[in-house]
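Chemist: Just dropping this structure here.
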Amino acid sequence: MVEGFQNYFCFATCISIDCRKIQRRIDTVVKSRLRQRVKRTGIIENKHIKERYGKSKQIRFVNDKPIIPISYVKAKNSMYKKRGICKYTESGRAEIHKNLKFDDYVLWVMEQMLYGYKSTDSIEFTDNKISLYASQYGKCAVLGIVLDYDEIHCHHKTPKQFGGKDNYQNLVVLHNDIHKLIHAVNQATIDKYLSKLNLNQKQIKKINSLRKMAHNKSI
């Protein structure tokens, strides 16, 4: 909790001053309630705590366990965000879209996906489908080409009949022909799409990996 608090508020200007005030209150309570159980020295076994707080003279130990000092924090500059970025102004939104590296067509497709969801799909699936399309910059994970709205298929890596869920990690956005090829079991159908798509060895390797997860043989 203490570390999470520090990570969240470290960009606040006076975080170190405010945390020292909190630390003084904590020290008063610790001394009055724990008394002789509190020690100034001890061994920090946790590697992460040792690296981040090991040099602090404010750290204390209770029952040989370190108490992370909330005052051991410094303010950081938020350098990654421009002042002009703001979702409430037209120019600010333009900056956001520019940083996302999406062209106007990809943004239009995302809007169509938002309003064109199927009532039979779960909210989780619909949300993750749009998120995946965005993270893949509108491209098929196998072909690497930008997908038109009617070409988009969201594939379950582990199919639902084998226990797959609608979670983000179990989904991938593909071209509809690639999706059909992953699930195809008839050799004539497989040959049809292989001839149509003209895939290279790297793309076939990706497809076979997805076919294996779908409990289908490699092509």
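Quick note: the coordinates plus some simple rules give every number you see, no bench work behind them. These numbers were taken from a predicted model, which means no experiment stands behind them. Methodologically, a virtual Cβ is constructed for each residue, glycine included, from the backbone with ideal geometry; neighbour enumeration extends over all protein chains shown.
Chemist: Within a Cβ distance under 13 Å of Gln169, other residues only, what is the Lys/Arg minus Asp/Glu net charge?
Modeler: 0
Chemist: No solvent, one uniform scatterer per C-alpha: report log10 I(q)/I(0) for the range 95-207 via the Debye equation at q = 0.11, 0.15, 0.19 1/Å, two decimals.
Modeler: Each listed q corresponds, in turn, to -0.38, -0.70, -1.06.
Chemist: Where does the charge balance sit around Phe125 when Lys and Arg score +1, Asp and Glu -1, over other residues with C-beta under 11 Å from its C-beta?
Modeler: Values: positive: Lys118, Lys129, Lys160, Lys165; negative: Asp121, Glu124, Asp127, Asp166.
Result for the neighbourhood of Phe125: 0.
Chemist: Also, I was wondering about something else. Please identify the trypsin sites (Lys or Arg not before Pro) of the range 182-219 that satisfy two criteria: DSSP loop assignment and at most 12 other Cβ atoms within 10 Å. Which are they?
Modeler: On the way: sites: Lys192, Lys196, Lys202, Lys205, Lys206, Arg211, Lys212, Lys217; in loops: Lys217.
Those satisfying the criteria are Lys217.
Chemist: Further question: In whole Hz and in residue order, list the ³J(HN,Hα) couplings for the range 31-36 that follow from phi through the Karplus curve 6.51 cos²θ - 1.76 cosθ + 1.60, θ = phi - 60°; x for Gly and Pro.
Modeler: 5, 7, 9, 9, 6, 5
Chemist: Taking the Cα centroid of the range 1-79 and of the range 178-219, what is the distance between the two, rounded to the nearest whole Å?
Modeler: 55
Chemist: Which FRET efficiency value, to the nearest 0.05, is calculated for Asn77 and Gln169 with the Förster distance at 45 angstrom and r the Cβ-Cβ distance?
Modeler: Result of the calculation: an efficiency of 0.85.
Chemist: Counting helices only, and only those DSSP H runs with n ≥ 4, report the 222 nm mean residue ellipticity of the chain as the sum of -39,500 (n - 2.57) divided by its residues, in deg cm²/dmol to the nearest 500.
Modeler: Rounded to the nearest 500, the figure is -14000 deg cm²/dmol.
Chemist: Farthest toward the dipole's positive end in the range 145-219, which of Asn216, Ser195, Pro159, given Cβ charges of +1 (Lys, Arg) and -1 (Asp, Glu) about the Cα centre?
Modeler: Most positive-ward Cα: Asn216.
Chemist: Translational D (Stokes-Einstein, µm²/s) of the chain at 10 °C and 1.306 mPa s when Rh comes from the Kirkwood sum over C-alpha pairs?
Modeler: 71
Chemist: Subtract the Cα-Cα distance of Arg35 and Ser218 from 0.36 nm times their separation in residues, and report this length gain in nm to one decimal.
Modeler: That works out to 59.1 nm of additional length.
Chemist: Subtract the Cα-Cα distance of Thr189 and Ile43 from 0.36 nm times their separation in residues, and report this length gain in nm to one decimal.
Modeler: Working: separation 146, 0.36 × 146 = 52.56 nm, distance 6.50 nm.
Roughly 46.1 nm would be gained on extension.
Chemist: Figure the gain on full extension for Arg25 and Asn7 (residue separation times 0.36 nm, minus the Cα-Cα span) and round it to one decimal in nm.
Modeler: On the way: separation 18, 0.36 × 18 = 6.48 nm, distance 2.06 nm.
Roughly 4.4 nm would be gained on extension.
Chemist: Which ³J(HN,Hα) values, rounded to whole Hz and listed in residue order, are derived for the range 51-60 from phi using the Karplus coefficients 6.51, -1.76 and 1.60 in 6.51 cos²θ - 1.76 cosθ + 1.60 with θ = phi - 60°, glycine and proline given as x?
Modeler: Each residue's phi maps through the Karplus curve to give 5, 8, 10, x, 7, 6, 7, 8, 5, 10 Hz.
Chemist: Only loop residues by DSSP count here, and only those with at most 10 other Cβ atoms within 10 Å; note down the chymotrypsin sites (Phe, Trp or Tyr not before Pro) in the range 109-151 that meet that.
Modeler: none
Chemist: What ranking, highest mean first, results for peptides 17-25, 171-179 when packing means the other Cβ atoms within 10 Å averaged over each residue?
Modeler: Going from most to least packed, we get 171-179, 17-25.
Chemist: Please report, for the Cα atoms of the range 1-75, the Rg to one decimal and the Dmax as a whole number; what are they, in angstrom?
Modeler: In Å, with Rg to one decimal and Dmax whole: 12.5, 36.
Chemist: About its Cα centre, what dipole magnitude does the chain give when the only charges are +1 on Lys and Arg Cβ and -1 on Asp and Glu Cβ, stated in debye to the nearest 20?
Modeler: 1960
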